[in-house]
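K.L.:
I have a structure I would like to understand better, so I am pasting it below and will then ask my questions one at a time.
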């Protein structure tokens with residue numbers, strides 16, 4: 001594995017071809033099936049992309065309200081759900097791609113970007129700008145089996161997007177003499193916009209990572225994390241501030257999301273009794289997904305430990321301290337965090353319980369293993385046998401690819417067809433976690449409510465001569481309403497209320513009320529013919545969050561340009 005600098009047209013082309021091949025191998029099963037794998041979250045993501053892409057076609061830059069969620073009564077999903085991965089796939093779908101083709105291509109682009117980030121990290125951490133070391137790091141990062149679990153067993157699109165930013169975060173953290181402020185902030189913002197639980201874990205791990213560098217290193221990381229949160233404030237601000245306005249207790253009280261139930265070994269046993277919302281939990285905990293993770297964690301840790309031992313055996317006298325020891329410690333700590341031995345940390349550290357699944361730490365274990373294995377191969381190449389290094393690399397990659405293909409083959413590829421994605425089960429999917437508090441009987445709604453079209457209206461305390469929909473979109477609905485002269489009619493819309501919705505009758509804002517028992521929107525309409533407009537607009541705090549994001553992005557850009565100018569320095573005249 002040559003140590004030479006890899007910039008240059010032939011090497012760039014070679015690296016690009018290798019990254020394309022690696023990303024293609026990682027997601028190949030998606031392109032060999034006409035369906036999507038029936039993972040835990042596939043229905044959720046398909047519905048989100050359908051409504052998000054519809055909003056994009058209507059000219060919305062950030063569709064927050066999804067009208068078909070909750071049986072057509074709607075929900076403010078993208079106030080609370082990270083938008084990055086959905087926006088990428090929805091953008092492809094809105095541009096004209098078939099829905100499933102948009103998923104395939106979007107996941108391929110995410111995987112390619114993840115491989116590119118790992119290539120940059122590996123080439124600098126394991127071989128001093130070594131092309132081969134970077135390629136092997138990228139290959140291990142996306143071919144080790146946890147990536148396949150995310151895609152094929154869970155279809156966790158949001159968490160899969162974090163594979164793009166985690167290598168970039170450690171690339172910025174490992175910069176000497178101090179972490180790269182702008183790089184750390186940008187990577188953390190990407191994590192926050194992709195998957196908040198992973199971003200939360202990454203924040204704690206980043207602080208622990210730079211502790212040996214003293215106060216200055218910790219201070220740089222704290223500033224970077226704050227700047228990253230600022231860049232992502234467009235999403236993070238409303239998600240945090242408006243959480244009390246939805247049925248977040250559905251997650252907090254649901255045993256499915258208890259962290260101690262999801263330890264890989266010796267998890268806590270929970271009794272499940274009678275609640276229709278929780279009736280599927282006991283079956284979920286025994287699915288093949290958890291079994292696959294229990295197998296892949298020892299495999300990944302074993303590969304990391306073997307690579308670390310190889311580096312110790314190949315160590316030469318006089319070599320500087322090995323920075324890869326820290327990645328072995330990261331692998332061990334991540335594995336420990338997935339077992340019951342780490343129970344005090346999950347209970348006592350603020351916010352850790354909200355991560356829900358300790359096995360999310362497999363991301364950090366996988367990254368550490370990828371770096372350790374590519375570093376061991378680089379040492380074999382330099383100090384032992386090049387044939388042995390090449391053979392060991394290919395054998396390990398074949399093992400990783402085989403495990404990933406086994407996971408893909410275990411997935412259910414028969415159920416989630418294009419036709420199934422258009423059924424009411426998917427299009428009108430109920431989402432208790434995003435149901436507004438305006439519906440006080442969420443459990444009764446989920447248990448017994450029949451699906452209804454999003455545009456239905458009904459009259460209360462009067463009669464309506466005619467209701468004609470003129471425009472139906474994600475954030476705006478327009479009706480032509482005729483009310484007989486008998487008196488004012490309370491017109492009820494089959495839609496949940498939430499801050500941001502307002503009603504205009506003939507251009508004038510009209511106060512609305514909630515219709516029991518489900519908290520749908522109702523408004524008094526006087527006699528005559530009227531134009532009634534429902535519109536969903538950003539509240540003041542959402543606008544403030546957007547301004548914070550814009551300011552933080554401008555600051556991040558300024559810091560980046562300042563850093564580049566300092567690196568280049570003044571030119572000396574000859």
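The values are calculated or read from the model by the stated rules, or taken from the named source; none is laboratory data. Everything quoted here is computed from the prediction, not taken from an experiment. Here the Cβ is made from the backbone with ideal geometry for all residues, glycine too, and neighbour counts use every protein chain on show.
K.L.:
Counting only residues that are in contact with a helix residue (DSSP H, G or I) (Cβ under 7 Å, 6 or more places away or on another chain) and free of Cβ contacts under 8 Å to residues at least 24 places away in the same chain, which one in region 354-395 is surrounded by the fewest Cβ atoms within 10 Å (Cβ to Cβ)?
P.N.:
Checking each candidate, the answer is 388.
K.L.:
Starting from region 530-541, keep only residues that are in contact (Cβ under 8 Å) with a residue 24 or more places away in the chain, then list their pairs with residues that are part of a helix (DSSP H, G or I) whose Cβ atoms are within a distance under 8 Å, requiring at least 6 positions of separation or different chains.
P.N.:
538/546; 541/237; 541/238; 541/241
K.L.:
Have a look at 38, 64, 104 and point out the one that is in the same structural domain as residue 400 (by TED's automatic domain parsing) and closer than 19 Å to residue 474 by Cβ.
P.N.:
Values: 38 fails: closer than 19 Å to residue 474 by Cβ; 104 fails: closer than 19 Å to residue 474 by Cβ.
Just a single option satisfies the conditions, and that option is 64.
K.L.:
Inspect region 223-232 for any residue being modelled with pLDDT of 75 or more, at negative phi and surrounded by fewer than 20 Cβ atoms within 10 Å (Cβ to Cβ) and give the result as yes or no. Walk me through it before giving the result.
P.N.:
Residues of region 223-232 modelled with pLDDT of 75 or more: 223-232.
Imposing the further condition that a residue be at negative phi reduces the set to 223-232.
If we keep only those that are surrounded by fewer than 20 Cβ atoms within 10 Å (Cβ to Cβ) as well, we get 223, 226.
Looking for residues that are modelled with pLDDT of 75 or more, at negative phi and surrounded by fewer than 20 Cβ atoms within 10 Å (Cβ to Cβ), one finds at least one in region 223-232, hence yes.
K.L.:
Give the residues of region 339-353 that are in contact with a helix residue (DSSP H, G or I) (Cβ under 9 Å, 6 or more places away or on another chain) and farther than 20 Å from residue 165 by Cβ, sorted by residue number.
P.N.:
Here is the first cut: in region 339-353, the residues in contact with a helix residue (DSSP H, G or I) (Cβ under 9 Å, 6 or more places away or on another chain) are 339-340, 342-343, 345-347, 349, 351-353.
Within region 339-353, 339, 340, 342, 343, 345, 346, 347, 349, 352, 353 qualify.
K.L.:
Which residue out of 204, 209 is closer than 20 Å to residue 329 by Cα and buried (at least 18 other Cβ atoms within 10 Å of the Cβ)? Write out each step before concluding.
P.N.:
Values: 204 fails: buried (at least 18 other Cβ atoms within 10 Å of the Cβ).
Result of the check over 204, 209: 209.
K.L.:
Moving to a separate point now. May I ask you to list the residues in region 443-473 that are modelled with pLDDT of 60 or more, in contact with a strand residue (DSSP E or B) (Cβ under 7 Å, 6 or more places away or on another chain) and crowded, with 17+ Cβ neighbours inside 10 Å? Outline the logic, then answer.
P.N.:
Going through region 443-473, the residues modelled with pLDDT of 60 or more turn out to be 465-473.
Next cut, in contact with a strand residue (DSSP E or B) (Cβ under 7 Å, 6 or more places away or on another chain) only: 465-471.
Result: 467, single match.
K.L.:
So is residue 332 in contact (Cβ under 8 Å) with a residue 12 or more places away in the chain, surrounded by 17 or more Cβ atoms within 10 Å (Cβ to Cβ), in a helix (DSSP H, G or I) and touching a helix residue (DSSP H, G or I) at 6+ places or on another chain (Cβ under 8 Å) or not?
P.N.:
Details: in contact (Cβ under 8 Å) with a residue 12 or more places away in the chain: yes; surrounded by 17 or more Cβ atoms within 10 Å (Cβ to Cβ): no; in a helix (DSSP H, G or I): yes; touching a helix residue (DSSP H, G or I) at 6+ places or on another chain (Cβ under 8 Å): yes.
So residue 332 fails the test.
K.L.:
Looking at region 200-211, I want the residues that are not assigned by TED's automatic domain parsing to the domain that holds residue 239 and have a partner that is surrounded by fewer than 21 Cβ atoms within 10 Å (Cβ to Cβ) with Cβ atoms under 9 Å, at least 6 apart or on another chain. Which pairs are those?
P.N.:
Filtered contacts from region 200-211: no entries.
K.L.:
Further question on the same structure: Of everything in region 424-442 that's surrounded by fewer than 16 Cβ atoms within 10 Å (Cβ to Cβ) and modelled with pLDDT under 80, which residue is nearest to residue 498 (Cα to Cα)? Full working, then the answer.
P.N.:
Narrowing region 424-442 to residues surrounded by fewer than 16 Cβ atoms within 10 Å (Cβ to Cβ): 424-425, 440-441.
Okay, now just the ones that are also modelled with pLDDT under 80, so 440-441.
Details: 440: 13, 441: 15 Å.
Across region 424-442, the extreme among qualifying residues is 440.
K.L.:
Just the residues that are in a helix (DSSP H, G or I) and within 25 Å of residue 75 (Cβ to Cβ), please, taken from region 538-555. Show your work before the answer.
P.N.:
First, the residues of region 538-555 that are in a helix (DSSP H, G or I): 540-555.
If the condition is that a residue be in a helix (DSSP H, G or I) and within 25 Å of residue 75 (Cβ to Cβ), then 540, 541, 542, 543, 544, 545, 546, 548, 549 are the ones that fit.
K.L.:
Select from region 18-45 the residues that are crowded, with 20+ Cβ neighbours inside 10 Å and outside any helix (DSSP H, G or I) and list them in ascending order.
P.N.:
36, 37, 39, listed by residue number.
K.L.:
State all residues of region 517-537 that are loosely packed, with under 15 Cβ neighbours inside 10 Å and either in a loop (DSSP other than H, G, I, E, B) or in the same structural domain as residue 72 (by TED's automatic domain parsing) (or both); if no residue qualifies, say none.
P.N.:
Within region 517-537, the subset loosely packed, with under 15 Cβ neighbours inside 10 Å is 517, 526, 528-529, 531, 537.
Within region 517-537, 517, 526, 537 meet the criteria.
K.L.:
Let me ask you something else. What about residue 167, is it surrounded by 24 or more Cβ atoms within 10 Å (Cβ to Cβ) and not in a helix (DSSP H, G or I)?
P.N.:
Numbers: surrounded by 24 or more Cβ atoms within 10 Å (Cβ to Cβ): yes; not in a helix (DSSP H, G or I): no.
The answer is no for residue 167.
K.L.:
Can you spot a residue in region 58-75 that is modelled with pLDDT under 95 and not in a loop (DSSP other than H, G, I, E, B)?
P.N.:
Yes: region 58-75 contains one or more residues that are modelled with pLDDT under 95 and not in a loop (DSSP other than H, G, I, E, B).
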